[in-house]
Amino acid sequence: MHTVRTVTGPLDPSTVTGPVLPHEHLALDLRRDHDPEPTLDARHTASVTAELAALREEFGLSLVIDQTCRGMGRDPRALTAVHAGSGVPVVAATGWYYEPFHPREVGTADVGELTATLVRDVEEGLDGTDVRPGLIGEVGSHGQRPEGAERRVLAAAARAAVRTGLPVATHAHLGVGGPGQLDLLVAEGLAPHRVALGHQDLLDNSSVHRHLAAQGAYVAFDTVGKNGYQSDHTRLRLLLALIEAGYADRALLSCDISRHAYLTDEGGTGYGHLLRAFLPRLRAAGADDDLVDLLTRRNPLRFLTGADPGPPTGQTEPTGQTEPTGQTRTAAPADGGERTR
């Protein structure tokens, strides 16, 4: 599968010429009794659409992956509206979040039943629409190793991914448990390069990040700007450590906007914080244009499709930058050089 499956159909990855946000939420509902505010619903669709349209105009934003899955208030019709109104293609998802948000359907269903549900979403469409997901995620767990229902939904995600060719993105709660998630997914037959371990920027442990990347998985620094959880200063340090270790091609960057208070209309950092604030700091630390393109375009497209996207349509691949199937390439920001591992 070398195309990107958006809410309006397949998209040739070579036409994605600008940055990709691989972990966002454009419509969701995670309300609980003690926290009634984590929503992005019909009241916020216009603001979400306007933000993405502005980012498309200012930065060339070319694709957004919405990781809102079953039990999170997923709304494929809203995603289609945002896609149409902003001009930014949107990828939808299926799966189950971590256990406190599991819908009743998870219950005691076995892995086979859960797998069938995900495959049906992929093949027939989401929630009574013809919108088909391009990702299984964000499939969640908390703690060092998935247990109980969380283990079942992760196993089902892996099996559905193997059957459908889609990748899996996880929710590792507060960054904890990525190695346990990866072990389980791989044991179910999913290749590591089809996995992105979520929220690793909340885990101040570069050795874990290197361990995940060394196995071929993607390490998601996907809560950029959420300084109440982790400072961007720490995120930058952790990202640079991963890059300097030779794993620039395993990093994914995003903001994970997950409540309306994060929207710029309400005084939040918005979907553009990565592009407006974090990338300039990365550039100041030595990142060149090629590294930024790797981190913000080529990596998420390779994760989605399982193949290197190459240069955007109309551009020529610089000498030495073609990646043979199954190989990876990294770039070091200090001098812009490249090495193969």
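The numbers here are math on the coordinates, done by the rules we state, and not lab data. Owing to the predicted nature of the structure, the values given are computational and were not obtained by experimental measurement. All Cβ positions, even for glycine, are placed from backbone atoms using ideal geometry, and neighbour counts span all protein chains on display.
Structure notes:
- Volume per residue for the chain equals 121 cubic angstrom (convex hull of Cα atoms).
- Farthest toward positive dipole pole in the chain [+1 Lys/Arg, -1 Asp/Glu at C-beta], among 119, 181, 85: 181
- Computed over the alpha carbons of the range 43-140, Rg followed by Dmax gives 14.7, 48 Å.
- Amide H partners (placed H, <5 Å) of residue 23, local residues excluded: 65, 255, 256
- Across q = 0.24 Å⁻¹, the range 204-301 modelled as identical point scatterers on its alpha-carbon atoms has Debye log10 I(q)/I(0) values of -1.35, in the order of the q list.
- Antiparallel content of DSSP bridges confined to the chain, in %, to 5: 30 percent
- When you count the other C-beta atoms within 10 angstrom of each residue and take the mean per peptide, 244-250, 153-159, 6-12 line up highest first as 153-159, 244-250, 6-12.
- Under 10 Å, Cβ to Cβ, from residue 155 - net charge with Lys/Arg +1 and Asp/Glu -1: 0
- In terms of the mean number of neighbouring beta-carbon atoms within 10 Å, the peptides 133-143, 25-35 order highest first as 133-143, 25-35.
- The GNM of the chain, with springs linking C-alpha atoms under 10 angstrom apart, assigns the highest mean-square fluctuation among 23, 233, 260 to 233.
- A cut-off under 14 angstrom between Cβ atoms defines the neighbours of residue 62, and their net charge, with Lys, Arg +1 and Asp, Glu -1, is -2.
- Protection proxy ranking of 52-59, 66-73, 122-129, 176-183, by the mean of other Cβ atoms within 10 Å over each peptide's residues and highest first, is 66-73, 176-183, 52-59, 122-129.
- Working from label points 7 Å from Cα in the Cα-to-Cβ sense, the residue 147 to residue 33 distance is 2.4 nm.
- Amide H contacts under 5 Å for residue 138: 69, restricted to partners 5 or more places along the chain or on a different chain, H placed in the peptide plane at 1.01 Å from N.
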